[in-house]
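Written out below as structure tokens is the structure these notes cover.
The values are calculated or read from the model by the stated rules, or taken from the named source; none is laboratory data. Since the structure is predicted, the reported quantities are computational estimates derived from the model, not experimental observations. Glycine also receives a Cβ, built like all others from the backbone with ideal geometry; neighbour counts cover every protein chain displayed.
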Amino acid sequence: MKNPVQPLSQRLFDTTHTQVGNRIKVLGFAGSLRKNSYNKLLLRAASRLLPESAQLELFDIRGIPLYDQDVQEHGIPEIVQRFKEKIESADAILITTPEYNHSYSGVLKNAIDWASRPYGHNSFNGKPVAVMSAAPGIFGGVAAQDQLKQVLLALNMHIVAQPAVIVASADRKFDVNGELTDVDAKQFMRRLLANLVDFTIRLTRLDEPLRVFPIST
Ligand SMILES: Cc1cc2nc3c(=O)[nH]c(=O)nc-3n(C[C@H](O)[C@H](O)[C@H](O)COP(=O)(O)O)c2cc1C
């Protein structure tokens, strides 16, 4: 039987991406402030399941103030400036989201709104992104993901959507140390992360960088 084709992320790691400095930089943030958040634990699991050709840096959105255009016009808060710089210097973005009332969390929307402003300085513009969710319910945050993805499209992000990572019954999927124990969830995460990194490598290796026009929102 023919050997299966190696994913691009692995092939490039074997050849050109052998230095740590050349790794694809993924910035991850969770849409929950909770200390023992399942979605923060998902990010932790993701850092172990990412292809070797990539590295994950985490950003904690705790402390981002409520969006207020008056505040913005007097100067962007320091934590927001740091968030925007982290997004802009990343090659790709990974967001884990809880589900609140069949949508994603208000703190996540607030953080995204800040990073999309001021007008014409949307830090997410043109970035590849993947979304995952975890919730104790049987639907695992699928409604939250759908709504979040609509917003990410409006921000002109490139969503890598398959396979969907929806960790339902999350209260039974992590051990006492917060390690993700569910074999299927880990397998889906590994594939989605590999797809995100492969797509990002394709984008960043284009001879002609993609034109990223300012957007209207
Ligand atoms: C205001 C609120 C609304 C919620 N609505 C939903 C919901 O619609 N669907 C769901 O599966 N879980 C819902 N939950 C439960 C969350 O999924 C659960 O608290 C989860 O642990 C939050 O994610 P985290 O662990 O990352 O903080 C809700 C929780 C809160 C606080």
**OP:** Would you check if Arg34 is within 26 Å of Leu180 (Cα to Cα), of a type in the set (Lys, Arg) and either modelled with pLDDT of 95 or more or in a helix (DSSP H, G or I) (or both)?
**Re:** yes
Subject >> Of all residues making up segment 167-180, the number that are touching a Ser or Thr at 6+ places or on another chain (Cβ under 6 Å) and in a strand (DSSP E or B) >> reply: 0
Subject >> All positions within segment 77-96 that are over 14 Å from Ile112 (Cα atoms) and touching a Lys or Arg at 6+ places or on another chain (Cβ under 9 Å) >> reply: Ser89, Ala90, Asp91, Ala92
Subject >> Which listed residue is at pLDDT 95 or above, of a type in the set (Val, Ile, Thr) and more than 13 Å from the chain's Cα centre (by Cα), from Ile93, Ile76 >> reply: Ile76
Original post:
Say we look at segment 116-143 and pick out the residues that are within 14 Å of Tyr104 (Cα to Cα) and touching a residue at least 60 places away in the same chain (Cβ under 8 Å); which of these is surrounded by the most Cβ atoms within 10 Å (Cβ to Cβ)?
Top reply: Ala134
Original post:
Of the residues that make up segment 68-75, is at least one hydrophobic (A, V, I, L, M, F, W, C) and buried (at least 21 other Cβ atoms within 10 Å of the Cβ)?
Top reply: no
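Yes or no, residue by residue, for (1) surrounded by fewer than 19 Cβ atoms within 10 Å (Cβ to Cβ); (2) within 16 Å of the ligand (Cβ to nearest atom); (3) not charged (D, E, K, R):
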site: Leu27; (1), (2), (3): no, no, yes
site: Ser32; (1), (2), (3): no, yes, yes
site: Ile61; (1), (2), (3): no, yes, yes
site: Ile79; (1), (2), (3): yes, no, yes
site: Glu99; (1), (2), (3): no, yes, no
